[in-house]
């Protein structure tokens with residue numbers, strides 16, 4: 001799961017831990033919802049805390065009926081405001 005220092009998580013581990021389909025993780029990464037922190041060989045590593053926060057925000061907005069297009073705008077807007 002997390003790497004040596006405990007902060008990185010692979011896409012495969014995200015899928016298992018948060019019960020999100022692997023293709024969904026790829027899609028979220030392509031949309032910019034999830035950021036790859038680094039790579040080790042063929043593995044993409046993500047910040048575990050950021051992934052948890054982002055997936056909870058995405059899940060909440062999807063349940064409220066927001067389309068992915070608007071979720072993307074909200075997430076990017078939050079980053080710009082930080």
Would you check which residues across the stretch 13-29 are in a helix (DSSP H, G or I) and either closer than 14 Å to residue 52 by Cα or under 10 Å from the mean Cα position of the chain (by Cα) (or both) and list them? 13, 14, 15, 16, 17, 18, 24, 25, 26, 27, 28, 29
Residue selected from the stretch 42-76 under the condition closer than 18 Å to residue 22 by Cα and not in a helix (DSSP H, G or I), by the criterion farthest from the chain's Cα centre (by Cα): 42
Just checking, does the stretch 35-43 include any residue being under 16 Å from residue 76 (Cα atoms) and at pLDDT below 95? yes
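Given the options 65, 32, name the one that is on the phi > 0 side of the Ramachandran plot and modelled with pLDDT of 95 or more.
65
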How many residues does the stretch 13-60 contain that are touching a residue at least 24 places away in the same chain (Cβ under 8 Å) and touching a strand residue (DSSP E or B) at 6+ places or on another chain (Cβ under 8 Å)? 10
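The values are calculated or read from the model by the stated rules, or taken from the named source; none is laboratory data. What you see is a predicted model, and the numbers here were worked out from it, not measured in a lab. All Cβ positions, even for glycine, are placed from backbone atoms using ideal geometry, and neighbour counts span all protein chains on display.
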